[in-house]
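Chemist: Let me begin by handing over the structure; questions about it come next.
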Protein chains: 2
Amino acid sequence: MENEVDGLDKRKAYILATVVYEYIATGEPVGSQALTQKYNLGVSSATVRNEMADLEAGGYLEQPHTSAGRVPSDAGYRTYVDALMSPEELGADERRRIRDEMRDARAQLDEIVEQSSRLLGRLAGNLAFVTKPQSETQSFRYAQLIWIGERSGIAIIVTSFGVASQSLFELRNDVTPDDLTRLSNALNATFAGRLLRDCDDRSLAAVTKQCGFGDDMVGAVRTAFTGARTQEQPGIAASGAQHLLDQPEFRDVRKLRSILRILEEQRTLYDLVADAFDSPAASVKIGHELGSEELADLSLVTVPYRFGERAVGMLSILGPRRMPYARLLALASGTAETLSERLHDVEVR
Amino acid sequence: MENEVDGLDKRKAYILATVVYEYIATGEPVGSQALTQKYNLGVSSATVRNEMADLEAGGYLEQPHTSAGRVPSDAGYRTYVDALMSPEELGADERRRIRDEMRDARAQLDEIVEQSSRLLGRLAGNLAFVTKPQSETQSFRYAQLIWIGERSGIAIIVTSFGVASQSLFELRNDVTPDDLTRLSNALNATFAGRLLRDCDDRSLAAVTKQCGFGDDMVGAVRTAFTGARTQEQPGIAASGAQHLLDQPEFRDVRKLRSILRILEEQRTLYDLVADAFDSPAASVKIGHELGSEELADLSLVTVPYRFGERAVGMLSILGPRRMPYARLLALASGTAETLSERLHDVEVR
DNA sequence: TCTTCGCACTCGCTTGCCCGGAGTGCTAAA
DNA sequence: TTTAGCACTCCGGGCAAGCGAGTGCGAAGA
């Protein structure tokens, strides 16, 4: 029937929403009396009690121990996020402030990514992290091979976001500076504007050989491009870990340790958001959905930022499961939007 | 007389040393009885008591509360570090392990700096951080101005450690690719091998004008060099924050917050080691010597690493005042040595 | 049939209290 | 000057009592 949400009748849904809302606000297990007193439910605490017992049986609520109030379970949060909460929008002044603060960063990729992570961490009052644009999704802009000696040089590759990566190379045959310039020009002519991932080894080899170079130079070019592709791979800017200490759920120091460890292993951090690349929209992972017992009482909000149509990176907020989901989604989206805009400032045209 | 150390007679000095040593080992305030039982002092606990009272009067020891044992004060640790402790050397196998682990990093400046910070953090069981080489102390290797259009280009500057920085420039007058190559060559011929800080604006302008360029190009070149000089300025790799959680002194969460905040503000972290650049040797800062009430019960061990004769960066360990100073100094020195060696691998010759 | 009331019960948290242990300072004797 | 003895202090752990918030359930009411 129309009145059902996720298998819950209207009243149950409303009570669940209220419990989650209240628990997010206070951090205390919420009981039936407190709920009826604070919110006008139109029924008595006893009724609420019955409903809560049902919700617990359905797996939406949990009881830390008998004679304590109820606390949302992963499923409870999930239902809340998917169906019950009302989405938030940022106010115009908030948007403006985000934009203003983002302007403080110079027009360099690293800086705007770090700035957005700092900003988001502070606004959200939680740990925020932002992945740098996957270099695979960046495009190739310029290559320059610099002559150092008869048999050595430096290859410099500039991507569309102005990220330069350089690599030294050694050759088996002599070359002249002119040779290198010729090859640079050929590479630029062929690949300019292409996505880096489309600069595959075969085409690189073809161009290099066409210019009359041997396998040693093919290897050098390949290494240079590989370096550019993978360079910033799991580059992540994180910020705001100290806010986690304010959360009562971190009075237990062991949980903190897991988080700090994860922070330092960028790999793990990256894995957390990796599958968000598959879906272009915001995603929320709750508790065990994060796939790790250590992180079981945390949640993760992830929002992509774009360059043009392509999602090139992710902004994430990691915090206690008991987080204001609607608000954080709004903040992350707002920051993502501004970050996307600023991305055009660093673009090398 | 000969038997005095820092104004303490021999026995007082020995007792102080033992108290510090024992406190570092156990973390418990140490009392006179425990001390006489565990160490063969040749005197009774009552005598030790008297001496300890003197040491407390002299400011070397403190009492958390009446009827507790004594704990070293800043001054007590200071005397211990300066005059009492016996320096440690790393064993040959430990050196080897450090060297082996450092080999895991690819020959890229960032990687070896990060690797050394991770390594040191793990070995020392504390927060370790390593500053990247001050780019001022790096030398200039190559400049390449790349032609993009009649009035715009990219300047790429490579330093001795293979760090490339790039900047876009716009001009008021048309140039040809050949013009830019000519200027690149002139810059390379003039400045190759010089320290970056010696590539001052005046000489840059002189060379640029000599090649027949106007003020717009002078500005572009200046910006490019300034970018290279300041680029990695306060770049710091930190690692091992989670170890701090093991220390009993961090049961209080507020202290952790200060540390996490400092970790994220690289500026503060950099200030901590900044004055260590003045002295070329290892330095130890204890408690209030760090100049901040927040950090009052921490200590910092800082050891420079070198490129050739020049100290170019610092390795630091930040941990509880109650840290095994001799051991950590040895570890930091060992890591610094290996880092210095590996620096030659990334040098662009 | 659903809701509400009343009531007994549960359980964690806080408070107060006691006690043991470790350490001190002081005094007097060696 | 050192040592032994002793009274005193204070922290911390353990334990019991009381409180408060909440539950579940049976019976009464709509």
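Chemist: Return yes when A:Thr66 is within 9 Å of DNA strand D (Cβ to nearest atom), among the hydroxyl-bearing types (Ser, Thr, Tyr), open to solvent by 20 Å² or more (accessible area, probe 1.4 Å) and out of contact with any Lys or Arg (no Cβ under 9 Å at 6 or more places or on another chain) and no when it is not. If you could, list the steps in order and put the result at the bottom.
Modeler: Values: within 9 Å of DNA strand D (Cβ to nearest atom): yes; among the hydroxyl-bearing types (Ser, Thr, Tyr): yes; open to solvent by 20 Å² or more (accessible area, probe 1.4 Å): yes; out of contact with any Lys or Arg (no Cβ under 9 Å at 6 or more places or on another chain): yes.
In short, yes.
Chemist: Let me ask you something else. Those residues that are farther than 17 Å from A:Thr79 by Cβ and within 13 Å of DNA strand D (Cβ to nearest atom), I need them from the range A:1-26; list them, please. Spell out how you get there, then give the answer.
Modeler: Going through the range A:1-26, the residues farther than 17 Å from A:Thr79 by Cβ turn out to be A:1-2, A:25-26.
Hit for the range A:1-26 is A:Thr26, nothing else.
Chemist: Being open to solvent by less than 30 Å² (accessible area, probe 1.4 Å) and either within 10 Å of chain B (Cβ to nearest Cβ) or touching a residue at least 12 places away in the same chain (Cβ under 8 Å) (or both): is that true of A:Gly235 here? Reasoning before the result, please.
Modeler: On the way: open to solvent by less than 30 Å² (accessible area, probe 1.4 Å): yes; either within 10 Å of chain B (Cβ to nearest Cβ) or touching a residue at least 12 places away in the same chain (Cβ under 8 Å) (or both): yes.
Judged against the criteria, A:Gly235 is a match.
Chemist: Criterion first (among the basic types (Lys, Arg) and over 30 Å from B:Ala237 (Cα atoms)) does A:Arg182 satisfy it?
Modeler: Working: among the basic types (Lys, Arg): yes; over 30 Å from B:Ala237 (Cα atoms): yes.
For A:Arg182, the condition - among the basic types (Lys, Arg) and over 30 Å from B:Ala237 (Cα atoms) - is met.
Chemist: Working only within the range B:27-60, note down all residues that are touching a helix residue (DSSP H, G or I) at 6+ places or on another chain (Cβ under 9 Å) and either away from DNA strand D (no atom under 14 Å from the Cβ) or among the aromatic types (Phe, Trp, Tyr) (or both).
Modeler: B:Val30, B:Ala34, B:Lys38, B:Tyr39, B:Gly58, B:Gly59, B:Tyr60
Chemist: What pairs come up if the first residue lies in the range B:170-186 and is touching a residue at least 24 places away in the same chain (Cβ under 8 Å) and open to solvent by less than 90 Å² (accessible area, probe 1.4 Å), the second is assigned to a helix (DSSP H, G or I) and among the hydrophobic types (A, V, I, L, M, F, W, C), and their beta carbons are under 7 Å apart, counting only those six or more places apart or on different chains?
Modeler: Once the first residue is touching a residue at least 24 places away in the same chain (Cβ under 8 Å) and open to solvent by less than 90 Å² (accessible area, probe 1.4 Å) and sits in the range B:170-186, its partners that are assigned to a helix (DSSP H, G or I) and among the hydrophobic types (A, V, I, L, M, F, W, C) give B:Leu171/B:Met217; B:Leu171/B:Ala220; B:Ala186/B:Val207.
Chemist: Ok, one more. Tell me yes or no: at least one residue of the range B:98-107 is more than 14 Å from DNA strand C (Cβ to nearest atom), under 16 Å from B:Ala326 (Cβ atoms), assigned to a helix (DSSP H, G or I) and more than 14 Å from chain A (Cβ to nearest Cβ). Show your work before the answer.
Modeler: Filtering the range B:98-107 down to residues more than 14 Å from DNA strand C (Cβ to nearest atom) leaves B:98-107.
Applying the additional criterion that residues be under 16 Å from B:Ala326 (Cβ atoms) yields none.
No; the residues of the range B:98-107 include none that is more than 14 Å from DNA strand C (Cβ to nearest atom), under 16 Å from B:Ala326 (Cβ atoms), assigned to a helix (DSSP H, G or I) and more than 14 Å from chain A (Cβ to nearest Cβ).
Chemist: Further, regarding this structure: Just to be sure before I move on: is B:Arg78 open to solvent by 30 Å² or more (accessible area, probe 1.4 Å), in the same structural domain as B:Gly319 (by TED's automatic domain parsing) and charged (D, E, K, R) in the structure I sent?
Modeler: In short, no.
Chemist: Restricting attention to the range A:268-297, which residues are open to solvent by less than 50 Å² (accessible area, probe 1.4 Å), in contact (Cβ under 8 Å) with a residue 60 or more places away in the chain and in contact with a helix residue (DSSP H, G or I) (Cβ under 8 Å, 6 or more places away or on another chain)?
Modeler: Within the range A:268-297, A:Leu269, A:Val284, A:Ile286, A:Gly287 qualify.
Chemist: Further, regarding this structure: Considering only the range B:163-277, give the helices (runs of 4 or more DSSP H) lying wholly within it that have at least 2 residues that are of a type in the set (Val, Ile, Thr).
Modeler: Working: elements: B:177-191, B:201-210, B:215-230, B:241-244, B:253-264, B:266-274.
Helices (runs of 4 or more DSSP H) meeting the threshold: B:177-191, B:201-210, B:215-230, B:253-264, B:266-274.
Chemist: Please go through the range B:151-169 and give me each residue that is more than 9 Å from every other protein chain (Cβ to nearest Cβ), open to solvent by less than 20 Å² (accessible area, probe 1.4 Å) and farther than 15 Å from B:Phe140 by Cβ, ordered by number.
Modeler: Across the range B:151-169, the qualifying residues are B:Gly153, B:Phe169.
Chemist: What number of residues within the range A:187-210 satisfy the criterion of being over 34 Å from the mean Cα position of the chain (by Cα) and surrounded by 16 or more Cβ atoms within 10 Å (Cβ to Cβ)? I'd like the intermediate steps shown before the answer.
Modeler: Step one: filter the range A:187-210 for residues over 34 Å from the mean Cα position of the chain (by Cα), giving A:189, A:205-210.
With the extra rule that they be surrounded by 16 or more Cβ atoms within 10 Å (Cβ to Cβ), the set shrinks to A:205, A:207-208.
Of the residues in that region, 3 qualify.
Chemist: Is it true that A:Arg96 is in the same structural domain as A:Ser340 (by TED's automatic domain parsing) and either surrounded by fewer than 19 Cβ atoms within 10 Å (Cβ to Cβ) or in contact (Cβ under 8 Å) with a residue 12 or more places away in the chain (or both)? Steps first, please.
Modeler: Values: in the same structural domain as A:Ser340 (by TED's automatic domain parsing): yes; either surrounded by fewer than 19 Cβ atoms within 10 Å (Cβ to Cβ) or in contact (Cβ under 8 Å) with a residue 12 or more places away in the chain (or both): yes.
For A:Arg96, the condition - in the same structural domain as A:Ser340 (by TED's automatic domain parsing) and either surrounded by fewer than 19 Cβ atoms within 10 Å (Cβ to Cβ) or in contact (Cβ under 8 Å) with a residue 12 or more places away in the chain (or both) - is met.
Chemist: Being more than 11 Å from chain A (Cβ to nearest Cβ) and of a type in the set (S, T, N, Q) is the filter here; which residues of the range B:173-190 pass it?
Modeler: B:Asn173, B:Thr176, B:Thr190
Chemist: Related question: Return the total of residues in the range A:99-121 being open to solvent by less than 50 Å² (accessible area, probe 1.4 Å) and in contact (Cβ under 8 Å) with a residue 40 or more places away in the chain. Walk me through how you get there before you give the answer.
Modeler: In the first step, residues of the range A:99-121 are kept if they are open to solvent by less than 50 Å² (accessible area, probe 1.4 Å); the result is A:101-102, A:105, A:109, A:112-113, A:115-117, A:119-121.
If we keep only those that are in contact (Cβ under 8 Å) with a residue 40 or more places away in the chain as well, we get A:102, A:105, A:109, A:112-113, A:116-117, A:119-121.
Qualifying residue count, the range A:99-121: 10.
Chemist: Just the residues that are more than 10 Å from chain B (Cβ to nearest Cβ), more than 15 Å from A:Thr131 (Cβ to Cβ) and among the polar types (S, T, N, Q), please, taken from the range A:243-278.
Modeler: If the condition is that a residue be more than 10 Å from chain B (Cβ to nearest Cβ), more than 15 Å from A:Thr131 (Cβ to Cβ) and among the polar types (S, T, N, Q), then A:Gln247 is the only one that fits.
The values are calculated or read from the model by the stated rules, or taken from the named source; none is laboratory data. Only a predicted model underlies this, so the values are computations on that prediction, with no experimental measurement involved. FYI the Cβ positions are ideal-geometry reconstructions off the backbone, even for glycines, and counts take in every protein chain you see. Just the protein is used for accessible areas: all its heavy atoms, side chains included, with ligands, DNA and RNA removed. Shrake-Rupley method; radii C 1.70, N 1.55, O 1.52, S 1.80 Å.
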